[in-house]
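A short worksheet on the structure shown next.
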Amino acid sequence: MMITEIGPFLSFLRSVRKRTRAIAQVIPPADLESRLHEGVMSAGDLVRHIAGAERWMYVENVLGRESRYPGHGLELATGHDRVLEYLDVSHAETLELLAGLTPEQIAGPCRTVAASEVPVWLLLRVMVEHEIHHRGQLYSVLGALGVERPPLFGLTEAEVRAASRAQ
């Protein structure tokens, strides 16, 4: 699906982030930096990565600038409240910076961090897919930690099954 207008895309992006934020909100502060095993991201790493990649890689590239992705380390934000603040502030900056994109700019080219030239609309779409991918990881990490997670779309899987049998 090609993006042609920035307004509807930003509404969609806000709704995606709302669901990601709901998952990030339930990370127990004591488990924020826990790792299931060596070499995997903690829940805090995942949240910092989502925030930093969106703002400092994707948005910079969409605007014709070089990536300034800062990584996902503790130097960006520590503690539950600060990590959520980093997610929120980065997203607010993203929305502000993208709001002025014209249909011509959205249809035009940009260069990715991998030095590929793609249409801006495609990189915006990839940005959303990236967040959803890492939100899924976050959901799984929290499940492995035994954290009850909110349903993403209103019903749990068990509720969907029960409603499906009722029909």
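What angle, in degrees between 0 and 90 and rounded to the nearest 10, separates the Cα long axis of helix 43-52 from the longest principal axis of the Cα atoms of the chain?
20 degrees
Roughly speaking, what is the stretch gain from Glu93 to His130, that is 0.36 nm per residue apart minus the C-alpha to C-alpha distance, in nm to one decimal? Provide the component values of the computation, followed by the final result.
Values: separation 37, 0.36 × 37 = 13.32 nm, distance 1.79 nm.
Answer, rounded to one decimal: 11.5 nm.
Taking other Cβ within 10 Å of each residue's Cβ, how do Leu95, Leu76, Leu155 sort, fewest first? Let's see the in-between values first.
Details: Leu95 15, Leu76 19, Leu155 12.
Going from sparsest to densest Cβ surroundings: Leu155, Leu95, Leu76.
With +1 assigned to the C-beta of every Lys and Arg and -1 to the C-beta of every Asp and Glu, and no other charges, what is the dipole magnitude of segment 12-145 about the Cα centre in debye, to the nearest 20?
Once rounded to the nearest 20, the dipole reads 300 debye.
Using the charge dipole of the chain (Lys, Arg: +1 at Cβ; Asp, Glu: -1 at Cβ; taken about the Cα centre), state which of Thr78, Ile23, Met57 has its Cα farthest towards the positive end.
Going by the Cα projections, it comes out as Ile23.
Under 17 Å from a point placed 7 Å out from the Cα of Thr112 along the Cα-to-Cβ direction: which residues of segment 118-146 have their backbone N that close?
Once the point is set 7 Å along Cα→Cβ of Thr112, 118-134 turn out to lie under 17 Å by backbone N, inside segment 118-146.
List the longest stretch of the chain that has no exposed loop site; here a site is one of the GluC sites (Glu not before Pro) assigned by DSSP to anything other than H, G, I, E or B, with at most 12 other Cβ within 10 Å.
Details: sites that count: Glu5, Glu38, Glu66, Glu75, Glu148.
Between the exposed loop sites, the longest stretch runs 76-147.
Measure nothing but the geometry: give the 0 to 90° angle between the long axis through the Cα atoms of 157-166 and the longest principal axis through the Cα atoms of the chain, rounded to 10°.
80 degrees
Please compute the Kirkwood hydrodynamic radius of the chain from all pairs of different C-alpha atoms, in Å with one decimal.
It is 17.0 Å.
Can you put Ile27, Ile3 in order, fewest other beta carbons within 10 Å first?
Numbers: Ile27 25, Ile3 20.
Result, fewest neighbours first: Ile3, Ile27.
Out of residues 5 or more away from Cys110 or on other chains, whose amide H comes under 5 Å of its own, with H placed 1.01 Å from N in the peptide plane?
So Cys110 has HN proximity to Val118, Val120.
Bear in mind that the values in this text are calculations on the coordinates, not laboratory data. If you're wondering where the values come from, they're calculated on a predicted model, not measured in any experiment. FYI the Cβ positions are ideal-geometry reconstructions off the backbone, even for glycines, and counts take in every protein chain you see.
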